[in-house]
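*Asks:* Below is one structure. I have some questions about it.
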Amino acid sequence: MSKLDSVTKDIKNIFKKNIQPSEDDLKEFADNVLDSIRDSFIQHEHKSKNVIRFSSIGKPDRQLWYQYNKPHEAEELHASTRIKFMFGHLIEQLVFLLIKTAGHKVSSIQEEKVIDGVTGHMDGRVDGIVVDVKSASPRSYNKFVNGRLYDDDPFGYIAQLSGYADGEDEAAFIVMNKVDGHMHIFNVDSLEMIDFRKRIVEVKKIIHESNPPERCYETKPDGKSGNIKLAIGCMYCDYKKICWSDANNGKGLRVFDYSDGKHFLTHVEREPNQNIKEVFLP
């Protein structure tokens, strides 16, 4: 049983009992929000060029190779993506304010950690336990609730948390569903963490190879059309354009905007209906 198991229940009690945050906590919350939002308006080019950080160490090998060797080929962050990041920063600060108000100790906010030359900044600790706060879509939230993150972790969340914990017995994700406000504690014990230091050695070897590793995910049939599309893990990669430059007989990915979102096609057997708009990658 984890010390954090009561956190979500304690937060609910804030509203049942009409408990107010302290003025000091409110001021700290406001100051942290100001700093986070101010920082979000700055393009941190140095963070993505030839630098491997805690937040990327668990990503697929091929993606890391491109990040280190072809940083200029990364897709530009869309305004909507940067706004989503801002939303995530706001939620992180709100979660910590709620946790403090619920009577738990929050410490080590954005504490820097360096392991074998790789740097990261942990979100913080709650009652002494390393935590990473995530704002999640309903689909992603359910991965934490149902424990599917261990099998479907394209962003390397568990590796990142393992680095922050670095030999400690437990750590946790505190996840908020950004649609309905539900919260979940996803505990990760030492047996479920990766060997972060060993992973750093692997990554340093991979990124210095002359050619990129094999592709990260297999493609999938796009319904019964005969068309082939990228797996979800590839869709969110900033390097999918260069990675799949040989798709569609060397013409590259073709992207169509369906009602359920964009489909990135590596092979088009049958053209989508005329009412499906084709989107061209920059």
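*Asks:* Would you call Ala74 in the same structural domain as Tyr141 (by TED's automatic domain parsing), of a type in the set (Gly, Ala, Ser), over 24 Å from Phe186 (Cβ atoms) and exposed (fewer than 15 other Cβ atoms within 10 Å of the Cβ)? First the steps, then the outcome.
*Replies:* Working: in the same structural domain as Tyr141 (by TED's automatic domain parsing): yes; of a type in the set (Gly, Ala, Ser): yes; over 24 Å from Phe186 (Cβ atoms): yes; exposed (fewer than 15 other Cβ atoms within 10 Å of the Cβ): no.
Criteria not met by Ala74.
*Asks:* Still on this structure, please answer the following. Only one of (1) over 20 Å from Asp151 (Cβ atoms); (2) free of Cβ contacts under 8 Å to residues at least 12 places away in the same chain; (3) of a type outside the set (Lys, Arg) fails for Leu191. Which number is that?
*Replies:* The one condition Leu191 does not meet is (1).
*Asks:* Another one. Hey, can you tell me all the residues within the range 23-68 that are small (Gly, Ala, Ser), farther than 26 Å from His184 by Cβ and modelled with pLDDT of 90 or more? So that I can check it myself, show each step before the final result.
*Replies:* Step one: filter the range 23-68 for residues small (Gly, Ala, Ser), giving 30, 36, 40, 48, 55-56, 58.
Applying the additional criterion that residues be farther than 26 Å from His184 by Cβ yields 30, 48.
Hit for the range 23-68 is Ala30, nothing else.
*Asks:* Of the residues in the range 59-89, how many are within 14 Å of the chain's Cα centre (by Cα) and among the hydroxyl-bearing types (Ser, Thr, Tyr)?
*Replies:* Final tally of qualifying residues: 1.
*Asks:* Another question about this same structure. Looking at Gly261, Gly250, Gly226, can you tell me which residue is loosely packed, with under 15 Cβ neighbours inside 10 Å and in contact with a strand residue (DSSP E or B) (Cβ under 9 Å, 6 or more places away or on another chain)?
*Replies:* Working: Gly261 fails: in contact with a strand residue (DSSP E or B) (Cβ under 9 Å, 6 or more places away or on another chain); Gly250 fails: in contact with a strand residue (DSSP E or B) (Cβ under 9 Å, 6 or more places away or on another chain).
The unique qualifying residue is Gly226.
*Asks:* If you take the residues in the range 123-160 that are among the aliphatic types (A, V, I, L, M) and either assigned to a strand (DSSP E or B) or in contact with a strand residue (DSSP E or B) (Cβ under 6 Å, 6 or more places away or on another chain) (or both), which one is surrounded by the fewest Cβ atoms within 10 Å (Cβ to Cβ)?
*Replies:* Ranking the qualifying residues of the range 123-160, first place goes to Val145.
*Asks:* For the range 69-109, how many residues meet the condition of being in a loop (DSSP other than H, G, I, E, B) and either more than 19 Å from Asp5 (Cα to Cα) or modelled with pLDDT under 95 (or both)?
*Replies:* Residues that pass the stated criteria total 8.
*Asks:* All but one of (1) in contact with a Gly (Cβ under 7 Å, 6 or more places away or on another chain); (2) exposed (fewer than 15 other Cβ atoms within 10 Å of the Cβ) hold for Ile115, so report the exception by its number.
*Replies:* (2)
The values are calculated or read from the model by the stated rules, or taken from the named source; none is laboratory data. Treat the numbers as computed from the prediction; the structure is a model and nothing was measured. Here the Cβ is made from the backbone with ideal geometry for all residues, glycine too, and neighbour counts use every protein chain on show.
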